[in-house]
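What follows is a set of notes on a single structure, which appears directly below.
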Ligand SMILES: *[C@@H]1O[C@H](CO)[C@@H](O)[C@H](O)[C@H]1NC(C)=O
């Protein structure tokens, strides 16, 4: 009995530590999440900013590979404006260390966002729905975004993505910025 209560409590704490995020409905992390589904190249198509730093994005990609042990390495490339400075060829790495539950990771990198909690909520049909919270003194800054395998989505894919933002991320898709510019080349 005690064990069951401890496990239950631990899992609640685990989710809450990531989900400083105040959501209007409950979110279920994809029970089918497998790291292998997350390997490879992704483009950030839509984003609700964390507000951690003033960033605008022409193009932003994640190149996900296996790291040491059970970690994942992410090479981030893109064309970004960070606090007014245009970065025409952003190229930085980050490491994701799995957390307690499926789909939960600790993000570490030597960029402005050096540490964050990430939840990969769902990976489905070439789209990945992700929440990210950057810790701060009072309460963390949280944001959500959608990664896609395809950097020039069809109207149908955009509709699928908006539906997923509403149902999987529990957010209002109309409040998300479109980031991707299909005609902008990604950096190598
Ligand atoms: C990007 O950074 C990686 C190291 O993280 C490096 O191996 C690669 O050559 C860099 N690419 C470019 C185009 O600068």
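Return yes when residue 73 is within 16 Å of the ligand (Cβ to nearest atom), at pLDDT 80 or above and under 22 Å from residue 126 (Cα atoms) and no when it is not.
Yes.
Do we find a residue being surrounded by fewer than 16 Cβ atoms within 10 Å (Cβ to Cβ), touching a strand residue (DSSP E or B) at 6+ places or on another chain (Cβ under 9 Å), assigned to a loop (DSSP other than H, G, I, E, B) and modelled with pLDDT under 90 anywhere in segment 159-172?
no
Which is assigned to a strand (DSSP E or B) and either surrounded by fewer than 17 Cβ atoms within 10 Å (Cβ to Cβ) or out of contact with any strand residue (DSSP E or B) (no Cβ under 8 Å at 6 or more places or on another chain) (or both), of 97, 111, 77?
So the residue among 97, 111, 77 that is assigned to a strand (DSSP E or B) and either surrounded by fewer than 17 Cβ atoms within 10 Å (Cβ to Cβ) or out of contact with any strand residue (DSSP E or B) (no Cβ under 8 Å at 6 or more places or on another chain) (or both) is 97.
Of everything in segment 33-62, what is within 16 Å of the ligand (Cβ to nearest atom) and either within 19 Å of residue 106 (Cβ to Cβ) or touching a helix residue (DSSP H, G or I) at 6+ places or on another chain (Cβ under 8 Å) (or both)? Give them in sequence order.
Correct list: 62 only.
Has segment 89-104 got any residue that is modelled with pLDDT under 90, within 22 Å of residue 54 (Cβ to Cβ) and more than 11 Å from the ligand (Cβ to nearest atom)?
So far as segment 89-104 goes, no, none of its residues is modelled with pLDDT under 90, within 22 Å of residue 54 (Cβ to Cβ) and more than 11 Å from the ligand (Cβ to nearest atom).
The values are calculated or read from the model by the stated rules, or taken from the named source; none is laboratory data. Because the structure is predicted, anything quoted here is derived from the model rather than measured. We place every Cβ from the backbone using ideal geometry, glycine too, and count neighbours over all the protein chains shown.
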